[in-house]
Every structure is written in C-alpha cells, then in structure tokens.
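Asker: Attaching a single structure in structure tokens format; questions to follow.
The values are calculated or read from the model by the stated rules, or taken from the named source; none is laboratory data. Computed from a predicted model, the values in this text were never measured in an experiment. Here the Cβ positions follow ideal geometry from the backbone for every residue, glycine too, while neighbour counts run over all protein chains shown. Just the protein is used for accessible areas: all its heavy atoms, side chains included, with ligands, DNA and RNA removed. Shrake-Rupley method; radii C 1.70, N 1.55, O 1.52, S 1.80 Å.
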Amino acid sequence: MKSSSKGARSSGRDRTLVIMAKAPKPGMVKTRLTPSLSPEAVTAFYGCLLEDTLALARSLRDVEVAIMCPDSDVNELAKLAGSEARVVAQKGEGLAAGLTSVFAHFAPERQREDHRSDAHRRRVIAFNSDSPHLPRSVLEDAFETLAAHDVVVGPTHDGGYYLVGAKASHPTLFAGDGMGTSSALERLLSRARELELSLGFAPHFYDIDVAEDLTRLAEELRLAPARAPRTARWLKEWDSTAH
C-alpha cells in the first residue's frame, strides 16, 4: 500500500478516523446526481464536500485522520489532504474492498498487545467523504460507543450506512454484494451477528445521493453555513440558479 478524546483515555495513538474518498473527477463521483447536474458541476460539488469533510475530521482532538481511496487517486488526494492526513491505497475495487482495506491496514496493530484491555485497543472508524454536515459529536460519540462494542454502525435513512467502526480486522464483514443498495445495512448487521460481534449504533443520518438530498442540505447549511463553508457557498449558488 502507498501512504503518504475525550480526556486522557483517548489519544491519536488509539483513535483513527478514515475518510472513504475518491479524487474529484467527472463521471467518477456522485453519479446519481448527474440527471440533475452536469458531470462538471457534480465534480465541483463533491470537491467541496470532501474538503469540508476533511476539515470536520481534523476538528476532532487526538484523532489520527486518514483517507482510503483507489490506488489511481492516491497522488491527487495526497495533494488535497496535505500533511495533516495520510492517504492509503485500498486493495481491490469498490467500496466493500475499500472498507476491508481500512481495517486490515489500521486495526491490527493493537491486536498483538495483549496487555491492553479491549476497551483501549485501537478504535478505527471509516465514514463517508460526503458528510461535512455530520455533527462532530456524532463522531466523538461513535468512538466512545466503539470502546464498549466490537463494531459501531451509523445507519442512513435509505438502508445503507454512513459510518462503520471496529477494533479489529474482520475480512468477511464486508464480503458479498449489496454495497450502495437499500440492503447494505441489513447485510452488514447480519454478517456481524454471524461473526458474533457486539454491535453499537450511531444516530440515523442522511447522505448525499440524489437531488432531494441537495435541497435538504442546502436548507440545513443556509442556517449554519460555518459547519461546511465550501459546500454552503456552492449550494447557495446552485440554489439561486436552480429556482
């Protein structure tokens, strides 16, 4: 692979936040928005989402920030991320392979340290690159939930999930199809139960997939643009031309 707390109990050595990302390229990101927007507009919008999501991740204290992406996107995303987040190439194609790569790469380090309690092993959380509207408290609480469970999941309203975390690598957890579908969450939970992993949950949230999500996000950021300033500016311009 290429790589470019709360209180004393949490530190950057045992909390890692990984953004699942792609380089902003026309036709490669947020393709379900293209019926409503041009590929160039979608690419610009995704770039804003990604930069604001990076800023959100960096706003957490004592957390290592990383990006997991396809091998072909490493160099471009490393330039975008700068020195504050390392960029790692996933093994294999697709989101399931990317998530498997996250935990294979970041989670095993603490497994060999038997003197550490389960609650203090490295906690790794992967989340969407289009989530700058996610309250920071959700991420903080997810790390705390993970201290007491094997896996933490943040469900979306459409049957998927925007966040998943674990303290160890479970290669079969994301096996099979269903990623990006309305059954993705159900499949994940089923596999976790088959592996006898304890489950904790973050609040339900929404992600950005279709035009209706743009409207919802625009309304939310109109009231609080500081949460995702680049995305808020883009949406303000989009809203003024779309209506």
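Asker: Would a scan of the range 168-176 turn up a residue that is farther than 19 Å from M68 by Cα and either modelled with pLDDT of 95 or more or touching a helix residue (DSSP H, G or I) at 6+ places or on another chain (Cβ under 8 Å) (or both)? Working first, answer last.
Answerer: Restricting attention to the range 168-176, the residues satisfying the condition of being farther than 19 Å from M68 by Cα are 176.
Now restrict to residues that are either modelled with pLDDT of 95 or more or touching a helix residue (DSSP H, G or I) at 6+ places or on another chain (Cβ under 8 Å) (or both): 176.
Yes; the residues of the range 168-176 include at least one that is farther than 19 Å from M68 by Cα and either modelled with pLDDT of 95 or more or touching a helix residue (DSSP H, G or I) at 6+ places or on another chain (Cβ under 8 Å) (or both).
Asker: Can you pull out the residues in the range 16-70 that are assigned to a loop (DSSP other than H, G, I, E, B), touching a strand residue (DSSP E or B) at 6+ places or on another chain (Cβ under 9 Å) and open to solvent by 30 Å² or more (accessible area, probe 1.4 Å)?
Answerer: If the condition is that a residue be assigned to a loop (DSSP other than H, G, I, E, B), touching a strand residue (DSSP E or B) at 6+ places or on another chain (Cβ under 9 Å) and open to solvent by 30 Å² or more (accessible area, probe 1.4 Å), then K22, D62, P70 are the ones that fit.
Asker: Also: Taking the residues in the range 209-243 that are among the hydroxyl-bearing types (S, T, Y) and farther than 26 Å from L60 by Cα as candidates, determine which candidate is least open to solvent (accessible area, probe 1.4 Å).
Answerer: Residues of the range 209-243 that are among the hydroxyl-bearing types (S, T, Y), as a first pass: 215, 231, 240-241.
Applying the additional criterion that residues be farther than 26 Å from L60 by Cα yields 215, 240-241.
Values: T215: 55, S240: 81, T241: 115 Å².
Among residues in the range 209-243 that are among the hydroxyl-bearing types (S, T, Y) and farther than 26 Å from L60 by Cα, the one least open to solvent (accessible area, probe 1.4 Å) is T215.
Asker: Among what's in the range 177-208 and is open to solvent by 70 Å² or more (accessible area, probe 1.4 Å) and over 23 Å from K91 (Cα atoms), pick the residue that is modelled with the lowest pLDDT.
Answerer: S182
Asker: Now for a separate question. Which residues, counting only those in the range 79-94, are touching a strand residue (DSSP E or B) at 6+ places or on another chain (Cβ under 9 Å), open to solvent by less than 80 Å² (accessible area, probe 1.4 Å) and either of a type in the set (G, A, S) or not in a loop (DSSP other than H, G, I, E, B) (or both)?
Answerer: Residues satisfying the conditions are L80, A81, A85, R86, V87, V88, A89.
Asker: I would also like to ask the following. Tell me which residues, restricted to the range 125-145, are crowded, with 23+ Cβ neighbours inside 10 Å and under 14 Å from R15 (Cα atoms).
Answerer: Within the range 125-145, I125, A126, F127, L139, A142, F143 meet the criteria.
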